[in-house]
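Comments concern the structure below.
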Amino acid sequence: MVAIGVDIVAIPRMRETLKRSGDIFINRVFTGKERLDSLQHQDAAVHYAEIFAAKEAVFKTFCTGWNGSMSFLDIEIQKGTFGEPLVSLHGEFLRLFSQKNARNIQVSLSWEEDTALAFAVMHAD
Ligand SMILES: CC(C)(COP(=O)(O)OP(=O)(O)OC[C@H]1O[C@@H](n2cnc3c(N)ncnc32)[C@H](O)[C@@H]1OP(=O)(O)O)[C@@H](O)C(=O)NCCC(=O)NCCS
């Protein structure tokens with residue numbers, strides 16, 4: 001079985017949110033590693049927009065509602081050797097992933113000017 005998810009994020013909106021909510025928003029949504037990776041990007045708002053889109057796209061592959069045990073901190077997006085996004089799950093998302101007997105989740109990212117886009121595919125038995 002394959003499950004898909006897609007999300008787009010407006011980069012100016014992310015820039016505004018970062019300005020307005022600063023650390024409160026960042027700490028609630030992005031892991032320490034994701035925050036560290038933002039320092040490598042020439043524009044942190046683009047990085048956060050891409051990562052946020054990835055988290056939403058991964059969430060959509062689960063085909064479930066949002067429950068109180070879920071946190072975007074438990075969907076972590078990192079870059080592999082060649083810059084490819086890699087997904088690691090923790091907490092409730094890891095629990096649901098195991099429950100589905102899922103094998104892996106792949107994410108593809110793209111951005112241009114004002115928009116970041118993420119597409120996710122979950123492979124399950
Ligand atoms: C449901 C959610 C994924 C929709 O995202 P959005 O950015 O508001 O809207 P998008 O345009 O990206 O996606 C909308 C589409 O996603 C799909 N969708 C809605 N709920 C979905 C779900 N639970 N799983 C998968 N896809 C879903 C629908 O096709 C929807 O289309 P529609 O609006 O025509 O019905 C999102 O709002 C959400 O629940 N996110 C997680 C919860 C959250 O953000 N919590 C706060 C933590 S800080």
Checking residue 51 against (1) part of a strand (DSSP E or B); (2) buried (at least 18 other Cβ atoms within 10 Å of the Cβ); (3) in contact with a Phe, Trp or Tyr (Cβ under 7 Å, 6 or more places away or on another chain): exactly one of these is not met. Which one? (1)
In region 14-48, the residues that are assigned to a loop (DSSP other than H, G, I, E, B) and in contact (Cβ under 8 Å) with a residue 40 or more places away in the chain: 30, 31
Can you confirm whether residue 14 is more than 11 Å from the ligand (Cβ to nearest atom), open to solvent by 100 Å² or more (accessible area, probe 1.4 Å), under 25 Å from residue 122 (Cβ atoms) and more than 13 Å from the chain's Cα centre (by Cα)? no
So which pairs qualify, if the first residue must be in region 98-125 and among the charged types (D, E, K, R), the second must be outside any strand (DSSP E or B), the Cβ gap must be under 6 Å, and the two must be at least 6 apart or on different chains? 114/11; 114/12; 125/101
Return the only residue of 28, 20 being among the basic types (Lys, Arg), open to solvent by 20 Å² or more (accessible area, probe 1.4 Å) and in contact with a helix residue (DSSP H, G or I) (Cβ under 9 Å, 6 or more places away or on another chain). 28
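The values are calculated or read from the model by the stated rules, or taken from the named source; none is laboratory data. It should be emphasised that the depicted structure is a prediction, and the values quoted were computed from it without experimental measurement. Don't worry about glycine lacking a Cβ; one is built from the backbone with ideal geometry, like all the others, and counts go over all protein chains shown. The area values use the complete protein model at the heavy-atom level, side chains included, leaving out ligands, DNA and RNA. Shrake-Rupley method; radii C 1.70, N 1.55, O 1.52, S 1.80 Å.
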